[in-house]
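A.B. asks: This is the structure I want to talk about, given as structure tokens.
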Amino acid sequence: MNEFEVDLLAFGSHPDDVEIACGGSIIKFAQEGARVAIVDMSLGELGTRGTVQDRQREAEEARKILGAKFRENLELPDGFTFPTRETINKVIKVIRKYRPKIVLLSPPFERHPDHESLNQIVRKAMFLSGLRKIVTEENGIPQDPWRIRKMYCYMQSYPFQEKASFYVDITDVYQAKLEAIRCYISQVYVEGKSNPNEPTTRLSRPEFFDELEARARYFGTLVGFKYAEAFLSVEPIGIASLSKLL
Ligand SMILES: [Zn+2]
């Protein structure tokens, strides 16, 4: 195993996307001993509030709470990330670097165009990363191909167009998830800390946390937990035996 190899690689378009969509599931998995990496596609330079420097500092603070070993930013253009050959190549390189067993990504139908693009970029890169004739290198060293079929979409602004494939119980880590989100003082409402002179956004209203809780409670109710996060599997899920469902 190389030093970067992880169990889970979570992709987000902007710093804070991963925390909001699936922060609880990541914290829980990391607490169980899983190695986690987060790759943000852009610095969020088009964000209405805060600066790139603020968001980078906040993302690093949040990484610690999530329990992720690695976090990096591909510095693709915020608002204009497309599945170009150059972008897909960058993502193939990080997939081959981290060699994840599971990848988390945005769903295919989303409000922010970058989120939809992320789904396309990562799915294409996941396929191409397994092909040995696609040659990439990291620091001058050729990378081995890496193949993975466990790709799960987290939920962002829009509800899924179909039923979720599964729900993860985040009851025990729900407060830690909120703590990770509150690292983004420039983006969300943090009492006494947020800058009241910046324009209001959907995330910067205090009600955003009520909305987040309502959704987590609803998903929890569906499956008998207090709080849950919903996921959509890109490929059909196969299990070795019914015993795996016990
Ligand atoms: Zn985003």
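The values are calculated or read from the model by the stated rules, or taken from the named source; none is laboratory data. All values derive from a computational prediction rather than experimental measurement. Note that each Cβ is placed from the backbone with ideal geometry, even for glycine, and that neighbours are counted across all protein chains shown.
A.B. asks: Does PRO15 satisfy the condition of being within 16 Å of the ligand (Cβ to nearest atom) and either in a helix (DSSP H, G or I) or not aromatic (Phe, Trp, Tyr) (or both)?
C.D. replies: For PRO15, the condition - within 16 Å of the ligand (Cβ to nearest atom) and either in a helix (DSSP H, G or I) or not aromatic (Phe, Trp, Tyr) (or both) - is met.
A.B. asks: Another question, if that's okay. Can you find a residue that is of a type in the set (Phe, Trp, Tyr), within 15 Å of the ligand (Cβ to nearest atom) and more than 18 Å from LYS90 (Cβ to Cβ) anywhere in the range 142-153?
C.D. replies: No.
A.B. asks: Exactly one condition in (1) outside any helix (DSSP H, G or I); (2) surrounded by fewer than 13 Cβ atoms within 10 Å (Cβ to Cβ) is not met by SER186; state its number.
C.D. replies: Exception for SER186: condition (2).
A.B. asks: Let me ask something else about it. Can you tell me which residue among PRO159, PRO107 is surrounded by fewer than 19 Cβ atoms within 10 Å (Cβ to Cβ) and either free of Cβ contacts under 8 Å to residues at least 40 places away in the same chain or not polar (S, T, N, Q) (or both)?
C.D. replies: PRO159
A.B. asks: For the range 77-136, give me each residue that is more than 18 Å from GLY44 (Cβ to Cβ), within 16 Å of the ligand (Cβ to nearest atom) and part of a loop (DSSP other than H, G, I, E, B).
C.D. replies: PRO107, PRO108, PHE109
A.B. asks: I'm checking my understanding of the structure. Among residues of the range 162-178 that are part of a loop (DSSP other than H, G, I, E, B) and surrounded by 16 or more Cβ atoms within 10 Å (Cβ to Cβ), which one is farthest from the ligand (Cβ to nearest atom)?
C.D. replies: The residue in question is SER165.
A.B. asks: Now, a different point. Tell me which of these GLU5 doesn't satisfy, since it passes every other one: (1) part of a loop (DSSP other than H, G, I, E, B); (2) within 13 Å of the ligand (Cβ to nearest atom); (3) at pLDDT 95 or above; (4) among the charged types (D, E, K, R).
C.D. replies: Answer for GLU5: the failing condition is (2).
A.B. asks: Would you be able to tell me the number of residues in the range 27-53 that are more than 16 Å from the ligand (Cβ to nearest atom) and buried (at least 17 other Cβ atoms within 10 Å of the Cβ)?
C.D. replies: Result for the range 27-53: 8.
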